[in-house]
Each structure stands twice: as C-alpha cells, then as structure tokens.
Amino acid sequence: MRVDWAVVYRETYADLVRFLHRKVWDADQAQDLAQETFVRALDHDPENPRAFVFTIAANLARDEARAAIRRKKHLTLMAGGAAEAAGAAEATEENERADTVRRALDELSERDREVLLLWDAGFDYGEIARQTGLSPGAIGTTLARARRKLVEAYQAVVPEAEQPRKKQV
Amino acid sequence: MSDVQHLDDGRLHAYLDGHLRDGTVGRDYVERHLAECAACRARLEEERRVRDRARAILGAAGPVKVATPPFEAVLERAERKRASRRRVPPTVVLAWAASLALAVTVGWYARSLVLTGGGTGTVATVAQDADAPAEDVRAGGIEAAPPAPRQIAQSAPARAQPAPAPREEAVVVAEPAAPAVADRPLANLAAVEAKAAVDTEVPPLRIAEAPAPSAAAAPGAAAERVRLRAAPPAAAADLAEQSWRTVTRAEAERRLGGPVAMIPGLPSLGTSVFGTGDAAVARTLQVLGAGLTIELLQQRATAPAAMPQAGRAMGSEPGQSLTVEWEGFSVTGRALVPADSLRRLLSRLHRP
C-alpha cells in the first residue's frame, strides 16, 4: 500500500511544526525542518507514516540543535556579531514567554522531554511507546513525572522573568 | 484498603489522558478504586491540575497558528534536491580537472626537455619552405612564429583552459600547410599570441629565433607580426574578459548569463568576473563581520573545467570551502568559519 503523503502532510504538518518548534525554538526554522522532513519521507512507504515523520523530524531537530551549539560557540568568538544584535531586537513578549518555557523544558531529562513533546503533538500512549522504545505501561508514569517537573521548573523560572517587568510598571 | 493498592501517578495520568479505555480491566479497576478511596480522588484532582498546567505551559510556547503551505512546495523542494543529487559532485569534477592539469603540466615539461635542441630547427624549415611571393612569406611568417602559441596551447590546460580547443590550435600550428592557416581567422592566432604576451614571459625569446633568411627579406611581415602582438584589435574584447575584472552586478549577470550568487543581508564588497559565457567565473566578496569575509565563486555547473582558474585566485584565502548547486551554477563559498556555519550561510543564497 502506498502512503498518500499529501494527506499525511495536511493532517500532520501543524503538529509537526509545533513539535519542532519546541526543539529548535525558531518558528521559521521549525517550518523549514517540517518541509524537509516530508521531502525525506516522500520516497518511503512506512507502515505508520505519522510516527515515521516524527522520527525523521526528531533526528533533523537533533542535528540542528548540535549545529546550533557549535554556531553559538562560533558567534561568541565573533563578539558583537550581527546575528546577536538582530536577536536582541526581536525579543518580543511572545519570545520571552517561549524562552521561559524553553528554560523550564531544559530542566527535564531528555526522555521525559521527548515523551512530553510527543504527547503535546497529539500522540497517544501506544504511539509514544513505539516512538521512544519505552514500554506502554511506563508512559503514564513518565508523563506524570515530566508534567510535574515542567510545572515546577516553570514556576521557578517565571519569577525571574516577570520581576523586572513588574518593577518597570 | 491497604497502601499497596493505591493508584500510582502513572495510572492516574493514563486515566486522565483517556488511555485506559472503557471496559478494559485497567479503567474498571481505577474507577472502582476511586469510588472507594477519597485519598486517591484528591490525588486525581491534584494530578489533573498538574496535567492541565503542563498543557497550558507548553501551549504558551507558540507558534500560535501555523498555516500549512501547499503540499506542492514539498514536491518542488524534493525535485530540486533530486536534480542537484543527479549531478556529479563538484569536488569530483575539480579533482578530475586537477589531475588532468597536473598530468599535462608534467607532460609539457618532459616534452620541452626533449625538444630543446630540435624545436627551433622545425620552425626554420617551415619558414624556408615559404620561398615564393610576399603574401606567402607573410603567411609563413605568421605561421612560423607560433612555437610560442604552441607552447601556450600546450601549457594552457595546466592552467585549466577548456582542454579540447587549445589542442586543436596546436595541431594547426604544427602543420606547415598554408591552407590550414588561411581557414583560421588571424585574430585567433593573434589572440593566443597576445595572451602569451600577457600571461607568460617565455614567448618573445622563441619568436626571435624564428626569422629565416627569406623571412628577413620581408620586413613588412615582421612588422605585421609585431603589430598583431602589440595590439590585436579583434581580440581586445576577448582579452578583457580573460582576466579578473571587477564589474557591476548587471555586467556580471550578463557575463554569467544568470543571477549573481549573493547572501542576502550581508554587505557586498563587489563582484569580479573571469571569462564569459559558460566558462565565466564570478567572485563575490561579502562581509560577515569585523575583518571576516565570505568569498563566493560561481560558475556554470556544466563547465567545471574553468574552476581551477578561480582556484588560483582564491588559493591564498584561508578557511573552509564548500560547493553547492544554485540556480544551475555551482557556487563555492570560502570563509574562516566552521563548516556547518558555512553550509548554513550557503543555504541562504537568495532565490531570484
């Protein structure tokens, strides 16, 4: 049976971008990676296209994250680079909120974060289990831990982020 | 009810997420327990708050609303990728060109060792053969002069001129028969000769040895030779294109027959071009940051042989280099940045 990628694309794209955005934290790049994901998926005929697409996306995001770390090191070397300045100008309130969530998510272990993001992207327990290699019975426990940790980490981060704004008001 | 029987967090979350379906043992068990156990009911509400809070936090991270581009965008992108994959990687082509250039260079030097004694003798014979009317002498003179062009023609591949043309040139020059010369536009010879004057220091010596007694009797021919060498009028435009010239972007696009590769958002220091048409190579410098530039070398993907010309120009530049396919050109970027930064920069080449 051939996969109808056009249908999978329509049904999955938004979730995929959301998933990727929580990994690369850049809306444009998330969309770019989502497109690239489907470009790579086209030639394949997997049993579970949705899971397949998310696997590719996770790999692309991981490669991109590694590259970003190296880039960051490089940018630090070129002190005052143009990219840094542009980034500062774009720091809108929305970005600030996303950044807070990002820092909270960084507190989670990689496995917990992955399970949480898959759940956030609309996966059910069975799909999450297949995707991560965890046993289906462990997903509830992992999610319980990940959610609690996220909430705690977020509370811990928010005061830092909000206080300066409150003082200004 | 003993503590051992209480519901754990995992089961509560699975229940909240609806993973324990109606009628399954798991769901019945949880519901029976919740009906009896106030402590677990309280924990269920607590976990529900955690779950909803986590959902809200993640939801706050954006992007708010994502429009799904048409699926055709993916297909187009896949097609572009396929097209670029079908091509021979430019590095392979360059390696080929480099090997060829090396082989020809070594061959030429070996040959010049062998011919040091006999080379000029041949020329003298050719000139003596032309012992009749003045026009013939002139033709002979022009033809006799070319040990230099021949040398250029032979050594040119070493500088990675497209190989076949110079070879043809060499054959014609070596043939003493006049008709071949007549077929050939004089400007061609003149261009090669003049190029020699520009590009190498060897030719004048060889040419000086050429005049035979009969050639000396026709000073007009000699003068003609000198004139051709000094200012080849027909070839002037060609010559201007056979060296690196800084040109306007419009001129560069005319010479390339396509858009000039640039990374949007970076200040440009200008574009210079070598050659024209399919063999044209453009070199654009753009500023990355304080004291840091990226060099973009661009040529038709179908004409890889000219790249070493450019390679010579960029030989002294330090840093990484990377070649990508772009709009039917192969574009080599070079900058003192990590390879993945370079790759990312090159992925941002504007789409005209």
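Name the one entry in B:49, B:55, B:82 that is modelled with pLDDT under 90, outside the structural domain of residue B:327 (by TED's automatic domain parsing) and charged (D, E, K, R).
Sole residue among the options that is modelled with pLDDT under 90, outside the structural domain of residue B:327 (by TED's automatic domain parsing) and charged (D, E, K, R): B:82.
Does residue B:6 satisfy the criteria of being at pLDDT 85 or above and within 13 Å of chain A (Cβ to nearest Cβ)?
It is false that residue B:6 is at pLDDT 85 or above and within 13 Å of chain A (Cβ to nearest Cβ).
Restricting to segment A:103-116, name every residue that is surrounded by 15 or more Cβ atoms within 10 Å (Cβ to Cβ) and within 14 Å of residue A:147 (Cα to Cα).
Result: A:104, A:105, A:107, A:108, A:111, A:112, A:113, A:114, A:115, A:116.
Modelled with pLDDT under 90 and not small (Gly, Ala, Ser): which single residue out of A:114, A:84 fits that description?
One residue alone meets the criteria, A:84.
Please work out if residue A:133 is at the interface with another protein chain (Cβ under 8 Å from one of its Cβ atoms) and either more than 15 Å from the chain's Cα centre (by Cα) or modelled with pLDDT of 90 or more (or both).
Taking the combined requirement at face value, the residue does not satisfy it.
Enumerate the helices (runs of 4 or more DSSP H) found wholly within segment A:1-80, keeping only those where 3 or more residues are at the interface with chain B (Cβ under 10 Å from one of its Cβ atoms) and touching a residue at least 60 places away in the same chain (Cβ under 8 Å). Even if it seems obvious, please write down each step before you answer.
On the way: elements: A:5-24, A:27-41, A:49-77.
Counting at least 3 such residues, we get A:5-24.
Select from segment B:33-82 the residues that are within 7 Å of chain A (Cβ to nearest Cβ), part of a helix (DSSP H, G or I), of a type outside the set (Gly, Ala, Ser) and crowded, with 16+ Cβ neighbours inside 10 Å and list them in ascending order.
B:47, B:50, B:51, B:53, B:57, B:58, B:71, B:74, B:77
The values are calculated or read from the model by the stated rules, or taken from the named source; none is laboratory data. The structure presented is a predicted model; accordingly, all values stated were derived computationally and were not measured. Heads up, the Cβs are rebuilt from the backbone with ideal geometry, glycines too, and the neighbour counts pull from every protein chain shown.
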